[in-house]
Each structure stands twice: as C-alpha cells, then as structure tokens.
There are 2 protein chains.
Amino acid sequence: MTSQRPLRVDAQRNRSALLNAGAQLVAIYGAELPFEEVARAAGVGKGTLYRHFATRDHLIAAVLRERFDGLAAEANELLDSGNAHAVETWLRSFDRVPTPFRGLGAMLSAALVDDASAVSAACIPMKVAFSRLLGRAQRDGTVRTNLHPVELLSVVAALPESVRNDDGSSRYLDVLLRGLRP
Amino acid sequence: MTSQRPLRVDAQRNRSALLNAGAQLVAIYGAELPFEEVARAAGVGKGTLYRHFATRDHLIAAVLRERFDGLAAEANELLDSGNAHAVETWLRSFDRVPTPFRGLGAMLSAALVDDASAVSAACIPMKVAFSRLLGRAQRDGTVRTNLHPVELLSVVAALPESVRNDDGSSRYLDVLLRGLRP
DNA sequence: ACCTGAACACCGTTCAAGT
DNA sequence: ACCTGAACACCGTTCAAGT
C-alpha cells in the first residue's frame, strides 16, 4: 500500500493535465499512443510525465480506472437484483469498454490475464464482481461450468474492432453468448 | 500484376536469407519484430531489406503465405469430401495459424478485414475456399446464416493467446463453435 | 539491377540542474 | 518535493555512391 500523501498543488494540477491529455491521445492512438506527446499536450516537461506515470500502461490504467469501477458497480447491482440474464447484460456493457479507443481491446485482453501488468490492478474490483456474477449463473445452470471468469473477459475484450456496430457493440458477442450455455 | 522477371542470383539468395531471418524473428517477436535486425541477421544491408520488403507487413505476409495456401488446400479438400463437420474441422486448423508467433493473431485479425493491408493479398485463396465451405454449411442449415465468412475468421484469429492449450488450440474456440449453430 | 552503409529523423528515457 | 529540458540511445527509413 502506498502511503497516499497529498500531492503538492502544482503536482496535482500537472497530474490532471496529464490525465486529460492522456485520455485524448489514447482515444486517437489507442494503446500505442506517442508517450512523449502526452507531456507536450499537457504543457509539462518529459520528466514530469515519467514522474507521474512510469510507463504508457500506467497512464492507460489511470485513464480506464473510472470505467472499470463503473462496471464493477454495475455487476454488484446485477448480483443484488437477481436478474436472470445478469451475465449477458453485464458482458454487453463490458464489451463496449475499449471501443472508443483504437487497439485497446487487445491490450486489455492481455492485461486481464497478466497480474504483472499495470492495468491489471485497476481491474481487480471488476474481476471480483464479475466472478461472483458468473459463479451464480454457473450454479444456477444457465452457463457452462468449465469457464474461468477472467479468461472469459479476456476473450470478450479481444473481439475485433472491425466487426462492431455503430454503437460499439460486437456483432459476434451474440455468437459467443450463445455458446456459453451448457 | 507485376511482371515477375526472375531475380538476379545474388538477389535471389538475399531474399531467401531475409525470409529465413524474418521467420525466426517473427517467431520470437511477433508482429512487432525489430525490422532493422532482420537485415543484420540475414547479413545484408538495410537498403536490401527495404528493396525486397517495403514494410514489416510485407515481410510477415511472405512468411505466412505457405500456411495460408496450405489452409486453402485443406478447405478445398474438405469441400470435396462432403464432411459434415467441415467448418468446425477447418476452423480448428485455422485457429492455430498464429500460435507460434507472439501477437500475430491480433495483426492477422485486422489484416483479414482490411483489403489495403499487405497480408490481405496472401489470404485471398484461403478466404475464397473458406467462404465456400461456410456457404455450404449455411445452406445445409448447420450454421447460422447471419455470419460473414471473413468476419468470422477475424474473430477466430483474435482469440487471445493467453487462453490456449499447449498444442496451441484456443480453449474458447469450442464456445464459439457452439455459438455458430442456428 | 542490385547492394551497401552513412546520414537523417523521430521518439523514448534518463538525469543533472534548478525552484 | 517537484519540475525542466538537454543529452543520450535506439530504431526506422532514405539515398548517394559503388559493383
């Protein structure tokens, strides 16, 4: 656990600027964003960028964190609601996470199953929440039992960008969901 | 159509050396192989590399060409044989194409649906052969009709490397195949 | 016709100096 | 404690000179 001492005011401001610039550049370039450019766009020196985000992946993790937390919350709500199609419903939301970002699906797919990745830590609450959701569906007999929750997320995240509808949903998620039944 | 004038003997030899070095480096680094290194490993100048292969993708296309042609042949045999599980059988073979190469699945997945990519041209015979195979299965009613053959290949190629068995087959291909039924 | 390698450009990363 | 930007390293790409 890092001790989370409050940042100095200027450091705080720089961090926000970097995150803003990062979000914009990730939206344009995806996982391969030109890192140096983030510092330029934020109007700070390169050293400052590296001080706040050790690697590209750390920046991407910070950019995506909100979405992941939102999805974790959604999974927990679905768990409480007892919705019979909770897994399907949630995977349709999850499927759209990487869509505003080029090439992010592949990156997320790999990060999900790699505990050493910087993005990995940001995914933990989401993984835990979805695991519960899937576990319940498996016990209820509506989903195959030989599926690992995190691996399944990795597969969904890898669905190619090329086969997506205008709203960002994959045209092949239905095929996959159909295949989840026992 | 390029006129295919035979290469000079030294050019021929260099091309082979580059292809060999390329295959080895692709096996190690996948789609992101250090391009310059190919020239070094082949013992030729950088200029020679660029003369033979305009881009990384052109080199990868040449490396993969044999496999694609082999898969096209297999699809044609399956078509002739009238095998009832031809689509499944063939997709299991296709699924393993990118497995010796790190990160190649994502690259292939994108190339399949991008006619401008260098790899695309090398895939044409395979695409044509699989389209026939899928078309027959769809007419026979064993596979959903709302699937486009090339998109389906793009989805299979994108199945993540992390969820593969030791023999290179995806643990989630079964889920997908199950979902193909009408 | 083809090959070579110097030269250029671009980008990522580090770190000494500064506030 | 944090910031800056010069300096270094690495790699991709081009092209003038050579066979």
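Just so it is clear, none of the values below were taken in a lab; they were calculated from the coordinates. Just so you know, these numbers come straight off a predicted model, no measurement behind them. Backbone-built Cβ (ideal geometry, glycine too); neighbour counts: all protein chains shown.
Which value in nm describes the separation of the simple spin-label points at B:R181 and B:N83, placed 7 Å from the Cα toward the beta carbon? In this crude spin-label approximation the distance works out to 2.0 nm. Among residues of chain A, the one whose Cβ lies closest to the rotation axis carrying chain A onto chain B, together with that distance rounded to whole Å, is A:G179, 2.
Copy-to-copy label distances for A:T89, where each label lies 7 Å from Cα along Cα-to-Cβ, are 4.4 nm in order of increasing length. The gain in end-to-end length when the B:F35 to B:D166 segment is fully stretched comes to 44.3 nm, 0.36 nm per residue minus the alpha carbon separation. Averaged over the residues of A:150-162, the number of partner chain Cβ atoms lying within 10 Å of the residue Cβ comes to 6. The ellipsoid equivalent to the alpha-carbon distribution of the protein assembly as shown has semi-axes of 37, 32, 15 angstrom, derived from the gyration tensor eigenvalues as √(5λ) and listed largest first. Amide H contacts under 5 Å for B:R164: B:R171, restricted to partners 5 or more places along the chain or on a different chain, H placed in the peptide plane at 1.01 Å from N.
Summary of the geometry: region A:43-67 and region B:151-182, compared by the centres of their Cα atoms, lie 34 Å apart. Take the Cα of B:A54, go 7 Å toward its beta carbon, and the backbone nitrogen atoms of region B:120-155 under 20 Å from that spot belong to B:120-125. Label-to-label distances for B:N20 across copies, nearest first, come out at 5.7 nm, using points 7 Å from Cα in the beta-carbon direction. With the label put 7 angstrom out from Cα along the Cα-to-Cβ vector, A:D115 ends up 4.8 nm from the copy partners, going from closest to farthest. Taking a sphere under 13 Å around the Cβ of A:A121 and counting the other residues whose Cβ falls inside, with K and R at +1 and D and E at -1, yields a net charge of -2.
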